[in-house]
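Input: a single structure, listed below in structure tokens.
The values are calculated or read from the model by the stated rules, or taken from the named source; none is laboratory data. Please read all numbers here as calculations on a predicted model, not as lab measurements. Every residue, glycine as well, gets a Cβ built from its backbone with ideal geometry; the counts of neighbours run over all protein chains shown.
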């Protein structure tokens, strides 16, 4: 290993994930963090910490110069961008290369070709790969965009040209709302990615979201590491992902895998990436390539027994080469649930606050990726995803049962979470059958959850618990004033 | 009544968080500390006062004071955690006062827009 010290240009659970991989490889870590993340779990776990700016992302996590200067000041020799923020920013990859820092990911050239969705489409077209009809022109005026919406035919989706992960995406179902939706997408795109450029695409209304993990080793050899299904999405943000997809026949899996490897090959891809498809009526369309590690990478790791982050680091170090025996067949089934700080009974309203008890029920093949612990504060500055829960089991039905149990046994106090929402989705017939499409949430869970508890009984119980709690702490006056009273009986 | 032995609770910043039988909920301390006493919820009682449902930033203001608004008409857009929320009028009335401006950061519960109380029969 030539690399010694890795800078992490990210936060939250992914920063923690990268730190763990570095520790296992004997590498030192430098966390490049904002003012607001001082003291976060990643901050506590990393070897060195450099504050790169104030809380707003544009002045810290999206600030290329500040990240480069921070990494150099700490004496890092490589930068891992995680996902989101600068991970798919070709300028950042190039700035790293120029500053003599290894960018842990594909080359800036490959990011430019694939990460920019417009040039990606041109590349896919020239390779003869299947795409969805749309508009990706430079004329970004509202009248032009409106004309194109009509030409493509409703429903049409508006996407941030520089985006990913659902940020800045809006759906147009009727012409009357087209202008509002386009403008709203432009604002979100500007805020999340610094560029308000958008493109348009025909919206497939009963499609499944299937994606293939691809990986290019140090020598440029590319393999796919099979598929994931992420059809459970709300406002184009994934909520539950699984590997492998319950929807693919062997034949489709082989064909889509070949397309995924082809697009990566024509872009000279190295490191981890994801080729996303929509599948409708047994026909598949290339959606985009995410030129980075994916939030849902753990489900692939679980069914294949690989460590994608280590593979990325070793590839950047020029010391990862695929071996024939590395090409495995997926085993069993893995599911990931994203835990968001939001109130499912108030239609997913973001929830902020100081975390109290955080308890994850450890057990065989249960994996908890979390960036925040008891005492940490969840603020409104950043993404509401606070943790991921991943399980593996022999079969899909058993993995679903296991996930429901694990979520029920997980405890987070201090912010509301979407855990009840996740359990409701996992218990839904259509999810259990595996027939859900990307409109599953819209169909069945559009307004979040209805609370059906008995309010009077719940309040009575709460008052009784409160009395217990206060009595318990009356002898210790000083402690009684702390906001950290804890009450545990049994369990 | 649930089994207290399987219940877990914690007080954090003037709220009590409780987990019982796999469900988690929370109450403001003031609501459980004394029986019978109920706080007046200003929000639901006064649909003419538009308060911030979450901390965040104002990204668009559609109306100004004196404007006529209809039921369901967007008043302003807030952004928090990079998500957009549009606040709409529940009434058909006039805008009395706007207490926020573009790009302003607001705290939870901040009184952002004051509408004229609707006439009984509009």
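Quick notes on this one:
- Wholly within region A:78-153, helices (runs of 4 or more DSSP H) carrying at least 3 residues that are touching a strand residue (DSSP E or B) at 6+ places or on another chain (Cβ under 8 Å) and in contact (Cβ under 8 Å) with a residue 12 or more places away in the chain: A:90-98, A:117-126, A:142-152
- The single condition among (1) within 17 Å of residue A:272 (Cβ to Cβ); (2) out of contact with any helix residue (DSSP H, G or I) (no Cβ under 8 Å at 6 or more places or on another chain) that residue A:47 does not satisfy is (1).
- Test: residue in region B:13-34 that is within 14 Å of chain A (Cβ to nearest Cβ), modelled with pLDDT under 80 and either under 30 Å from residue A:57 (Cβ atoms) or more than 16 Å from the chain's Cα centre (by Cα) (or both): yes
- Checked against the criterion of being more than 7 Å from chain A (Cβ to nearest Cβ), modelled with pLDDT of 80 or more and part of a strand (DSSP E or B), the candidates B:57, B:71, B:64 yield just one match: B:57.
- Qualifying residue in region A:388-400 (condition: on the phi > 0 side of the Ramachandran plot and either free of Cβ contacts under 8 Å to residues at least 24 places away in the same chain or crowded, with 23+ Cβ neighbours inside 10 Å (or both)): no
- A single member of A:298, A:246 is in a helix (DSSP H, G or I) and in contact with a helix residue (DSSP H, G or I) (Cβ under 9 Å, 6 or more places away or on another chain), and it is A:298.
- Listed conditions (1) surrounded by fewer than 20 Cβ atoms within 10 Å (Cβ to Cβ); (2) within 14 Å of chain B (Cβ to nearest Cβ); (3) touching a strand residue (DSSP E or B) at 6+ places or on another chain (Cβ under 7 Å) are all met by residue A:356, apart from (1).
- Sub-8 Å Cβ pairs linking a first residue in region A:441-458 that is over 16 Å from residue A:342 (Cα atoms) to a second residue that is modelled with pLDDT under 90 and in a loop (DSSP other than H, G, I, E, B), at least 6 apart or interchain, are A:457/B:1, ordered by first then second residue.
- Options A:267, A:272, A:316; residue that is surrounded by 21 or more Cβ atoms within 10 Å (Cβ to Cβ), under 29 Å from residue A:383 (Cα atoms), in contact with a helix residue (DSSP H, G or I) (Cβ under 6 Å, 6 or more places away or on another chain) and outside the structural domain of residue A:12 (by TED's automatic domain parsing): A:272
- If the condition is being in contact with a strand residue (DSSP E or B) (Cβ under 9 Å, 6 or more places away or on another chain) and surrounded by fewer than 21 Cβ atoms within 10 Å (Cβ to Cβ), then region A:205-220 contributes A:205, A:206, A:217.
- When residues of region A:268-293 are limited to those that are part of a loop (DSSP other than H, G, I, E, B) and at pLDDT 95 or above, the one nearest to residue A:333 (Cα to Cα): A:293
- Residues within region A:168-184 that are surrounded by 19 or more Cβ atoms within 10 Å (Cβ to Cβ) and without any contact (Cβ under 8 Å) to a residue 40 or more places away in the chain, tallied: 6
- In region A:360-374, residue surrounded by the fewest Cβ atoms within 10 Å (Cβ to Cβ) [restricted to those that are touching a strand residue (DSSP E or B) at 6+ places or on another chain (Cβ under 7 Å) and either facing another protein chain (nearest Cβ under 10 Å) or not in a strand (DSSP E or B) (or both)]: A:373
- Scoring residue A:425 on the criteria (1) within 11 Å of another protein chain (Cβ to nearest Cβ); (2) modelled with pLDDT of 95 or more; (3) assigned to a helix (DSSP H, G or I) leaves a single failure, condition (1).
- Residue A:415 vs. criteria part of a loop (DSSP other than H, G, I, E, B) and more than 23 Å from residue A:171 (Cα to Cα): yes
- Any hit, region A:327-345, residues being in a helix (DSSP H, G or I) and within 14 Å of chain B (Cβ to nearest Cβ): yes
- Residue satisfying condition, being touching a strand residue (DSSP E or B) at 6+ places or on another chain (Cβ under 7 Å) and within 15 Å of residue A:229 (Cα to Cα), within set A:291, A:249, A:274, A:265: A:274
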